[in-house]
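The structure appears below as structure tokens.
The values are calculated or read from the model by the stated rules, or taken from the named source; none is laboratory data. Worth saying up front: this structure is predicted, and the values here are computed from it rather than measured. Neighbour counts run over all protein chains shown; Cβ positions are idealised from the backbone, glycine included.
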């Protein structure tokens, strides 16, 4: 039976749990999905451990019921904008007598690269290899199997605020789940939504959540920049709620069902009738010019009035994204444009055209393509699982290679095994 992994996306408005494994053709297969509202975070930071833990517990239970499995441990996310990337180098002498570089040498040189001074309120949560150098030869992506005496690594050290990390872990553990590891949203979304060619030529992933927008830039297949903007889809919902004097739940429905990015895109001329017959109950929404008002509290608005509210805030969000890309210095280096995901603005009709016209770059919506999770709201949770499975596949190929190298076999058998290992390397080359 294939190993099953769980990913928990802990966001400001919801917690999403995804359970998956490698199915046929080494494709991700979704086994369980859970979703629960969450009010324990503010702008991606845990402000109420108990409320967050309860949301995690509810989400996990749903995924367990769907999959008929028990989740004991999971990988969790941390927003890319909360982390900082520190470039550093590590150097070691190759330890083996035959000077062949093995995975133990990779681990040692990356440990050496992680030796860097960081503030006391931050901690190292990971490392991203950028390139390796063997005896002066640079730009090597995977030196395992090569021969050399001196191995260097250039890497990005990932640091995050200790309090942010520890409160996330504490919330998960209080829900009865062990934390297997942390995955940066930037890396999980890139694994799920981007092709290798896109990451090579330059592209940005923009995850618009409820309260924050997370920007990540990839160039030469490497994460080079992250930024968190304290604005998201809930700000649009709140504007509608205040402007039309309706509950936020009804404002969210209006935004998703009838929202456009611009007034110029509105197609329907029908009116939207808001029925507020009882202020102690949820209001009802009817659309259509022939809809009859049932009480004096009924109110009719036009689609243009609604979209006018939406457009003002959408314009601000896209403007801030564009400004951050310009400030970063990477806007001119991402010909691949932007991939927008998350539940904040992905559902708004015409958003890709509107954003592309403002930023002057290609824009598309990024969404999982797997059965049961094929909407942007599941992108981060699904990306966590896919990222871990891809990492495990790479580890398996290397372990398989080392098993053959260490075993005592005949020359012909070794030649056959080396051919098979070469095939494995080619097959898994996308993950190195």
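Just a few scattered comments:
- The strands (runs of 3 or more DSSP E) found entirely in segment 8-112 that carry 3 or more residues being within 16 Å of the chain's Cα centre (by Cα), at negative phi and modelled with pLDDT of 95 or more are 14-22, 73-78.
- Flag if residue 185 is modelled with pLDDT under 95, closer than 17 Å to residue 222 by Cβ, within 18 Å of the chain's Cα centre (by Cα) and surrounded by 17 or more Cβ atoms within 10 Å (Cβ to Cβ): yes
- Among (1) surrounded by fewer than 19 Cβ atoms within 10 Å (Cβ to Cβ); (2) at pLDDT below 95; (3) closer than 27 Å to residue 56 by Cβ, the one test that residue 220 misses: (3)
- Segment 152-176 - residue that is touching a helix residue (DSSP H, G or I) at 6+ places or on another chain (Cβ under 6 Å) and either free of Cβ contacts under 8 Å to residues at least 12 places away in the same chain or not in a helix (DSSP H, G or I) (or both) and, of those, farthest from residue 134 (Cα to Cα): 175
- Residue 94 falls short on exactly one of the conditions (1) surrounded by 14 or more Cβ atoms within 10 Å (Cβ to Cβ); (2) without any contact (Cβ under 8 Å) to a residue 40 or more places away in the chain; (3) farther than 25 Å from residue 215 by Cα, and that condition is (2).
- Any strands (runs of 3 or more DSSP E) falling wholly within segment 233-322 and containing at least 3 residues that are surrounded by fewer than 19 Cβ atoms within 10 Å (Cβ to Cβ) and either out of contact with any strand residue (DSSP E or B) (no Cβ under 6 Å at 6 or more places or on another chain) or at pLDDT below 90 (or both): 284-287, 299-302
- Residues in segment 334-364 that are part of a helix (DSSP H, G or I) and out of contact with any strand residue (DSSP E or B) (no Cβ under 6 Å at 6 or more places or on another chain): 351, 353, 354, 357, 358, 359.
- Lone qualifier among 56, 86, 76 - being crowded, with 16+ Cβ neighbours inside 10 Å, farther than 22 Å from residue 232 by Cα and in contact with a strand residue (DSSP E or B) (Cβ under 9 Å, 6 or more places away or on another chain): 86
- Hits in segment 163-182 - residues which are surrounded by 15 or more Cβ atoms within 10 Å (Cβ to Cβ) and touching a strand residue (DSSP E or B) at 6+ places or on another chain (Cβ under 7 Å): 164, 165, 167, 168, 169, 171, 172, 177, 179, 180, 182
- Only one of 336, 383, 344, 366 that is touching a helix residue (DSSP H, G or I) at 6+ places or on another chain (Cβ under 6 Å), buried (at least 18 other Cβ atoms within 10 Å of the Cβ) and modelled with pLDDT under 95: 344
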